[in-house]
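The values are calculated or read from the model by the stated rules, or taken from the named source; none is laboratory data. Since the model is a prediction, treat every value here as computed from it, not as a measurement. Cβ: placed from backbone, ideal geometry, glycine included. Neighbour counts: every protein chain shown. Surface areas here come from the heavy atoms of the whole protein model, side chains and all, with no ligands, DNA or RNA. Shrake-Rupley method; radii C 1.70, N 1.55, O 1.52, S 1.80 Å.
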Amino acid sequence: MTFFKPQHLYEFERPVSREEIHRVSDSEITSDNQFCALRISGRFSRVETRTVPCQCRPYRSMPEVLGNQPTFTFSQRAGELIGFRTPPQYMQGINVAGYHEHFITDDREGGGHILDYALEQGTLTFGAIKS
(Lines give C-alpha, C1' and ligand atoms only; values in the text may rest on other atoms or scores of the structure.)
Protein backbone atom coordinates (compact mmCIF):
# COMPACT_ATOMS: atom_id res chain seq x y z
CA MET A 1 0.00 0.00 0.00
CA THR A 2 1.18 3.51 -0.73
CA PHE A 3 -0.02 7.06 -1.15
CA PHE A 4 -0.04 7.29 -4.95
CA LYS A 5 2.10 10.23 -6.10
CA PRO A 6 2.67 9.81 -9.84
CA GLN A 7 5.65 11.58 -11.37
CA HIS A 8 5.06 10.52 -14.98
CA LEU A 9 2.10 10.65 -17.37
CA TYR A 10 1.81 8.98 -20.78
CA GLU A 11 -1.14 9.12 -23.17
CA PHE A 12 -1.71 6.16 -25.47
CA GLU A 13 -3.82 6.87 -28.53
CA ARG A 14 -3.03 3.57 -30.23
CA PRO A 15 -3.31 -0.05 -29.04
CA VAL A 16 -0.44 -1.22 -26.83
CA SER A 17 0.37 -4.45 -25.04
CA ARG A 18 1.12 -5.02 -21.38
CA GLU A 19 4.80 -5.47 -22.24
CA GLU A 20 4.94 -2.13 -24.08
CA ILE A 21 3.43 -0.35 -21.08
CA HIS A 22 5.92 -2.00 -18.74
CA ARG A 23 8.78 -0.87 -20.98
CA VAL A 24 7.58 2.74 -20.62
CA SER A 25 7.65 2.65 -16.83
CA ASP A 26 10.91 0.65 -16.79
CA SER A 27 12.53 3.30 -19.00
CA GLU A 28 11.75 6.00 -16.42
CA ILE A 29 12.21 4.02 -13.19
CA THR A 30 15.54 2.50 -14.14
CA SER A 31 16.74 1.12 -10.80
CA ASP A 32 15.91 -2.56 -10.31
CA ASN A 33 15.83 -1.81 -6.58
CA GLN A 34 12.99 0.73 -6.84
CA PHE A 35 9.32 0.00 -6.23
CA CYS A 36 6.92 1.63 -8.69
CA ALA A 37 3.16 2.28 -8.45
CA LEU A 38 1.07 2.68 -11.61
CA ARG A 39 -2.45 3.38 -12.76
CA ILE A 40 -4.07 3.18 -16.17
CA SER A 41 -7.44 4.75 -16.93
CA GLY A 42 -8.73 3.83 -20.34
CA ARG A 43 -10.41 1.49 -22.76
CA PHE A 44 -9.05 -2.02 -22.92
CA SER A 45 -9.56 -4.26 -25.93
CA ARG A 46 -8.94 -7.29 -23.72
CA VAL A 47 -8.31 -7.98 -20.03
CA GLU A 48 -7.86 -11.48 -18.62
CA THR A 49 -8.25 -11.77 -14.84
CA ARG A 50 -8.60 -14.30 -12.08
CA THR A 51 -10.09 -13.92 -8.63
CA VAL A 52 -10.59 -15.85 -5.43
CA PRO A 53 -14.14 -17.24 -5.31
CA CYS A 54 -16.57 -16.12 -2.62
CA GLN A 55 -16.42 -18.27 0.49
CA CYS A 56 -18.80 -19.19 3.26
CA ARG A 57 -18.12 -20.81 6.63
CA PRO A 58 -16.34 -23.11 7.17
CA TYR A 59 -13.63 -21.28 5.23
CA ARG A 60 -11.23 -23.33 3.13
CA SER A 61 -7.46 -22.93 3.46
CA MET A 62 -5.66 -20.44 1.21
CA PRO A 63 -3.93 -23.20 -0.86
CA GLU A 64 -7.32 -24.82 -1.51
CA VAL A 65 -8.86 -21.51 -2.57
CA LEU A 66 -5.95 -20.45 -4.78
CA GLY A 67 -6.01 -23.78 -6.60
CA ASN A 68 -9.51 -23.17 -7.93
CA GLN A 69 -9.69 -19.56 -9.08
CA PRO A 70 -12.21 -18.65 -11.78
CA THR A 71 -10.89 -16.65 -14.73
CA PHE A 72 -12.66 -13.90 -16.66
CA THR A 73 -12.10 -12.19 -20.00
CA PHE A 74 -13.33 -8.64 -20.54
CA SER A 75 -13.52 -7.34 -24.12
CA GLN A 76 -13.83 -3.73 -25.22
CA ARG A 77 -14.27 -2.43 -21.67
CA ALA A 78 -13.41 0.84 -20.01
CA GLY A 79 -11.88 0.56 -16.58
CA GLU A 80 -9.04 1.20 -14.19
CA LEU A 81 -5.86 -0.76 -13.73
CA ILE A 82 -3.68 -0.32 -10.68
CA GLY A 83 -0.49 -2.08 -9.80
CA PHE A 84 3.02 -2.22 -8.50
CA ARG A 85 6.41 -3.14 -9.86
CA THR A 86 8.31 -4.94 -7.11
CA PRO A 87 12.10 -5.39 -7.25
CA PRO A 88 12.91 -9.02 -8.07
CA GLN A 89 16.39 -9.13 -6.54
CA TYR A 90 15.38 -9.09 -2.91
CA MET A 91 11.58 -9.30 -2.81
CA GLN A 92 10.78 -12.63 -4.52
CA GLY A 93 9.21 -14.89 -1.93
CA ILE A 94 8.30 -12.00 0.37
CA ASN A 95 6.06 -10.42 -2.24
CA VAL A 96 5.23 -10.96 -5.91
CA ALA A 97 8.34 -9.83 -7.79
CA GLY A 98 7.88 -7.94 -11.05
CA TYR A 99 4.52 -6.43 -12.02
CA HIS A 100 1.40 -7.21 -9.97
CA GLU A 101 -1.72 -5.55 -11.39
CA HIS A 102 -5.47 -5.51 -10.77
CA PHE A 103 -8.37 -4.34 -12.95
CA ILE A 104 -11.87 -3.10 -12.28
CA THR A 105 -14.48 -2.25 -14.91
CA ASP A 106 -15.86 1.27 -15.09
CA ASP A 107 -19.23 0.06 -13.76
CA ARG A 108 -17.41 -1.67 -10.84
CA GLU A 109 -19.12 -4.97 -11.67
CA GLY A 110 -16.07 -7.03 -12.67
CA GLY A 111 -12.34 -7.28 -12.38
CA GLY A 112 -9.59 -9.15 -10.59
CA HIS A 113 -5.90 -9.97 -10.61
CA ILE A 114 -4.56 -9.42 -14.13
CA LEU A 115 -3.16 -12.28 -16.14
CA ASP A 116 -2.81 -10.24 -19.35
CA TYR A 117 -4.28 -7.20 -21.08
CA ALA A 118 -4.19 -5.03 -24.19
CA LEU A 119 -4.91 -1.32 -23.91
CA GLU A 120 -6.82 0.29 -26.77
CA GLN A 121 -6.30 3.86 -25.54
CA GLY A 122 -5.78 5.49 -22.20
CA THR A 123 -3.61 7.33 -19.70
CA LEU A 124 -0.77 5.77 -17.75
CA THR A 125 0.41 7.53 -14.59
CA PHE A 126 3.20 6.10 -12.47
CA GLY A 127 5.99 6.92 -10.11
CA ALA A 128 8.71 5.57 -7.88
CA ILE A 129 7.73 4.80 -4.32
CA LYS A 130 10.14 6.62 -2.08
CA SER A 131 8.67 5.87 1.36
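Computed from backbone phi with θ = phi - 60° and the Karplus coefficients 6.51, -1.76 and 1.60, the 3J(HN,Hα) list for segment 55-60 is 10, 10, 5, x, 6, 7 Hz; x is used for glycine and proline. Amide hydrogen proximity for Gly110: with H placed 1.01 Å from N in the peptide plane, the residues at 5 or more positions away or on another chain lying under 5 Å are Thr105.
The listed residues Leu9, Leu124 rank as Leu9, Leu124 when sorted by accessible area, largest first, using a 1.4 Å probe.
Scanning the chain for trypsin sites (Lys or Arg not before Pro) that sit in a DSSP loop and have at most 12 other Cβ atoms within 10 Å, the longest stretch containing none of them is 1-107. Phi-derived couplings, Karplus 6.51 cos²θ - 1.76 cosθ + 1.60 at θ = phi - 60°, listed residue by residue for segment 16-26: 9, 8, 4, 4, 5, 5, 4, 5, 4, 5, 5 Hz, with x used for Gly and Pro. Taking GluC sites (Glu not before Pro) across segment 101-131, the ones in a DSSP loop with at most 13 further Cβ atoms lying within 10 angstrom of their Cβ are Glu109.
Accessible-area rank, largest first, for Ile104, Ile129: Ile104, Ile129, with all protein chains present and a 1.4 angstrom probe.
I need to check one value: relative contact order of the chain, counting alpha carbon pairs closer than 8 Å and at least 6 residues apart, in percent. Answer for the chain is 43 percent.
Projecting the Cα atoms of His22, Gly42, Pro63 onto the dipole axis of the chain, where Lys and Arg carry +1 and Asp and Glu carry -1 at the beta carbon, places Pro63 farthest toward the positive end. Heavy-atom accessible surface of the chain, averaged per residue, reaches 61 Å², computed with a 1.4 Å probe. Only protein atoms count toward the accessible area here, which uses a 1.4 Å probe; on the chain, the carbon and sulfur part of that area reaches 53 percent. A simple charge model with +1 on the Cβ of Lys and Arg, -1 on the Cβ of Asp and Glu and nothing else charged puts the dipole of the chain at about 360 debye relative to its Cα centre.
Once you have a ≥ b ≥ c as the square roots of the Cα gyration tensor eigenvalues for the chain, tell me rounded if a/c is under 1.5, and otherwise prolate or oblate according to whether a/b is larger than b/c. It comes out oblate by the Cα gyration axes. For segment 67-80, backbone phi angles converted through the Karplus equation (6.51, -1.76, 1.60; θ = phi - 60°) give residue-by-residue couplings of x, 9, 8, x, 10, 9, 10, 10, 10, 6, 10, 7, x, 10 Hz, Gly and Pro being listed as x. Taking other residues whose beta carbon is less than 10 angstrom from the beta carbon of Leu119, and scoring Lys, Arg as +1 and Asp, Glu as -1, yields +2.
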